[in-house]
Amino acid sequence: FFEQVRETGNTFDILLFKNKSLMSKVQRIFTNSDYDHAALLLKTASNDLLMLEATSNSGVAIYTFNSLMKIDKNKYFSR
């Protein structure tokens, strides 16, 4: 899925996440939602893909989509 997003993602696409952490599960229960996190994609003039997101750890941040590709996604995300 993430490889497909990297190839086809475009500016203003929204990614919805379903994290595996206990707090994320609690959040989904209280909000009656399937997802607990969202990020906005931004594509640069040189076709690099960036993600804009807000987290409790770092506030609002922009980082490369490639940095997301380096983590063990199965540890954190459900499909």
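Taking the stated definitions as given, is Thr31 open to solvent by 70 Å² or more (accessible area, probe 1.4 Å) and under 20 Å from Ser67 (Cα atoms)? If you could, list the steps in order and put the result at the bottom.
Numbers: open to solvent by 70 Å² or more (accessible area, probe 1.4 Å): yes; under 20 Å from Ser67 (Cα atoms): no.
Spelling it out, it is not the case that Thr31 is open to solvent by 70 Å² or more (accessible area, probe 1.4 Å) and under 20 Å from Ser67 (Cα atoms).
Quick check on region 1-25: of everything there that is polar (S, T, N, Q) and surrounded by 10 or more Cβ atoms within 10 Å (Cβ to Cβ), which residue is farthest from Leu41 (Cα to Cα)? The selected residue is Ser21. Taking every residue in region 15-26 that is touching a residue at least 60 places away in the same chain (Cβ under 8 Å) and pairing it with any residue that is in a strand (DSSP E or B) and aromatic (Phe, Trp, Tyr), at least 6 positions away or on another chain, the pairs with Cβ-Cβ distances below 9 Å are Phe17/Phe77; Lys18/Phe77.
Condition check ((1) assigned to a loop (DSSP other than H, G, I, E, B); (2) touching a strand residue (DSSP E or B) at 6+ places or on another chain (Cβ under 6 Å); (3) at positive phi; (4) touching a residue at least 24 places away in the same chain (Cβ under 8 Å)) across all residues:
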| position | (1), (2), (3), (4) |
| --- | --- |
| Asp34 | yes, no, no, no |
| Leu42 | no, yes, no, yes |
| Asn47 | yes, no, yes, no |
| Val60 | no, yes, no, no |
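Residues in region 49-71 that are closer than 19 Å to Glu7 by Cα, modelled with pLDDT under 90 and open to solvent by 50 Å² or more (accessible area, probe 1.4 Å): Tyr63, Thr64, Asn66, Lys70, Ile71.
The values are calculated or read from the model by the stated rules, or taken from the named source; none is laboratory data. Every value quoted in this text rests on a predicted model; they were computed, and no experiment measured them. Virtual Cβ from ideal backbone geometry, glycine too; neighbours counted across all protein chains shown. Surface areas here come from the heavy atoms of the whole protein model, side chains and all, with no ligands, DNA or RNA. Shrake-Rupley method; radii C 1.70, N 1.55, O 1.52, S 1.80 Å.
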